[in-house]
Amino acid sequence: MAPLILFPAIDLKEGRCVRLVQGDMAQATVFNDDPAAQAATFEGLGFTYLHVVDLDGAFAGKPMNGAAVERILASVTMDVQLGGGIRDMGTVAAWLDRGIARVIIGTAAVRDPAFVKAAAKAFPGRIAVGLDARDGLVAVEGWAEVSTVTAEDIARRFEDAGVAAIIYTNIARDGMLQGIDWDGTLALAKAVRIPVIASGGLASMADIRRLVEPDAAILEGAIAGRALYDRRIDPQEALALLRQAA
């Protein structure tokens with residue numbers, strides 16, 4: 001069995017690497033002015049898959065930090081998945097052509113499921129769906145608006161579409177260092193056949209140890225943001241635990 005993937009996160013705002021609190025753009029902490037250097041640091045620590053979000057793009061509905069993403073791609077050899085403002089086939093194709101391993105579709109998964117299905121058919125294994133929930137309902141437009149559907153409802157739409165993964169975030173926990181929403185994440189993973197990635201709230205080595213418990217083996221992995229930047233997680237120890245569990 002392959003180890004679960006621990007994805008270090010780079011969130012881009014105005015070309016810089018930041019972390020937000022519960023998706024609030026007004027509560028942005030800058031961790032690195034050079035996202036490409038941060039990506040190279042993560043690769044040097046042994047990470048194999050990077051999670052990148054264009055925060056400005058998520059609000060604008062189109063890519064806004066393209067130059068920063070391209071510098072990241074030029075600085076690392078590890079796989080990179082990218083979300084934020086990807087809402088049409090041309091944008092999907094352009095990023096995949098530039099070297100992105102997997103694109104993440106969020107808002108459009110709620111508003112235009114046919115587009116997601118078409119993209120997954122056109123690019124097998126390279127389309128992920130980002131489902132970010134607030135009080136059980138999926139939020140869109142950079143989390144600025146809340147829909148009327150649950151994450152499970154939307155995930156089921158794509159059961160047979162060829163979607164590579166679902167990235168599930170409990171917004172209330174994002175950036176709060178309160179621990180992952182294990183109940184909600186594992187319930188979603190059990191409800192659908194699509195691999196699920198846990199996101200939002202990963203806080204300490206205790207979460208890493210929870211990630212290697214047998215019931216969490218159904219996940220593809222988890223995304224680590226602020227806890228990595230604040231050094232609440234030891235990268236080498238975390239990656240070693242995941243390898244040992246596999």
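The values are calculated or read from the model by the stated rules, or taken from the named source; none is laboratory data. Here the structure is a predicted model, which means the values were calculated and not measured. We place every Cβ from the backbone using ideal geometry, glycine too, and count neighbours over all the protein chains shown. To get the accessible areas, we keep the full protein, side chains included, count just its heavy atoms, and leave off ligands, DNA and RNA. Shrake-Rupley method; radii C 1.70, N 1.55, O 1.52, S 1.80 Å.
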Taking region 200-216 and keeping residues closer than 13 Å to Q178 by Cβ and either assigned to a strand (DSSP E or B) or aliphatic (A, V, I, L, M) (or both) leaves L202, A203, A206
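For region 106-151, give me every one of the strands (runs of 3 or more DSSP E) that falls completely inside it and has 1 or more residues that are open to solvent by 30 Å² or more (accessible area, probe 1.4 Å) and at pLDDT 90 or above. Spell out how you get there, then give the answer.
Working: elements: 127-134, 137-140, 145-150.
Ranges flagged: 145-150.
Would you confirm whether or not region 224-243 contains a residue that is part of a loop (DSSP other than H, G, I, E, B), closer than 23 Å to I105 by Cβ and in contact with a Pro (Cβ under 6 Å, 6 or more places away or on another chain)? Can you show your working first?
First, pick out the residues of region 224-243 that are part of a loop (DSSP other than H, G, I, E, B): 225, 230-234.
When the remaining residues are screened for being closer than 23 Å to I105 by Cβ, the result is 225.
Add one more test, that the residue is in contact with a Pro (Cβ under 6 Å, 6 or more places away or on another chain), and what stays is none.
So far as region 224-243 goes, no, none of its residues is part of a loop (DSSP other than H, G, I, E, B), closer than 23 Å to I105 by Cβ and in contact with a Pro (Cβ under 6 Å, 6 or more places away or on another chain).
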I'm checking my understanding of the structure. Among residues of region 175-199 that are open to solvent by 20 Å² or more (accessible area, probe 1.4 Å) and assigned to a loop (DSSP other than H, G, I, E, B), which one is nearest to D234 (Cα to Cα)? L177
Which of (1) over 15 Å from the mean Cα position of the chain (by Cα); (2) assigned to a helix (DSSP H, G or I) does A58 not meet, given it meets every other one? (1)
